[in-house]
Amino acid sequence: MKKRVILVLLTGGLIGIANLQAQTSKDSTKVARSYAINEVVVTGTRSETDVRHLPMTVSVVGRPQLEASQQTSVLPVLNSQVPGFFSTSRGVMGYGVATGASGQMSLRGIGGPAQAGLPTTGLLVLIDGHPQYMGLMGHPIADAYQTMMAERVEVLRGPASVLYGSNAMGGVINIVTRKMQEDGIRTNINIGAGSYGSVQTEATNRIRKGRFSSTVTASYNRTDGHRADMAFEQYGGYAKLGYDFTDNWKVWAM
């Protein structure tokens, strides 16, 4: 019984000491001095990194997969190659921008149709790292993303707003355009035809001479559609000119 009494007294003494210390210590929130700091800018860096070392989930669709698909648009290829990616389809080919248009994209369920007051659908599309979306209609133009211009497509699944802004809450699709790596001239022509009056044509010319490089593409696609009001016709073209001053300093326009 005596041991129990001593323990109680010691515990009470410790509690009393702790309370005394708490009362005598200063409250850091009541310090009179204040500090003024200059403007603070928080940015994220973009640098080339091995995909295996990234903390994010990234899928890369290369040129072999794009060519093997025989698709004029990159979206159907991403549907089959990128987990969690989904885009709506209008018909045999094409997406359009007016009534009945499709090509709405989502990643992991985030995205879809444009909403009032929001500039994009929450899924940001880039071409060589530059944002691409139509300001008047408030969403990316799906028909502009052609396989003939893409060397590879990088898809970052999940929120990437730290690096790319609030428009990338669902993810990022970065289309890296084609470029000649060795001197010479290469020309490719693809022509296809199918049912419902469908025609796909594509021509690509690439030139590399010293530090100068160029890529020029043109396409014509059409179809009557497999049901009423599903006809589609599109003339497409793309040009990119570049000059390498050094290995680190390059200029290009497209």
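In region 184-253, the inverse of the mean reciprocal separation of distinct Cα atoms equals 14.3 Å; this is its Kirkwood hydrodynamic radius. Round to a whole angstrom and tell me the spacing of the C-alpha centers of region 174-195 and region 45-96. Each part's Cα centre sits 17 Å from the other's.
A short reminder: the numbers here are calculations on the coordinates, not readings from a lab. Just so we're clear, the structure is a prediction, and the values are computed from it rather than from any experiment.
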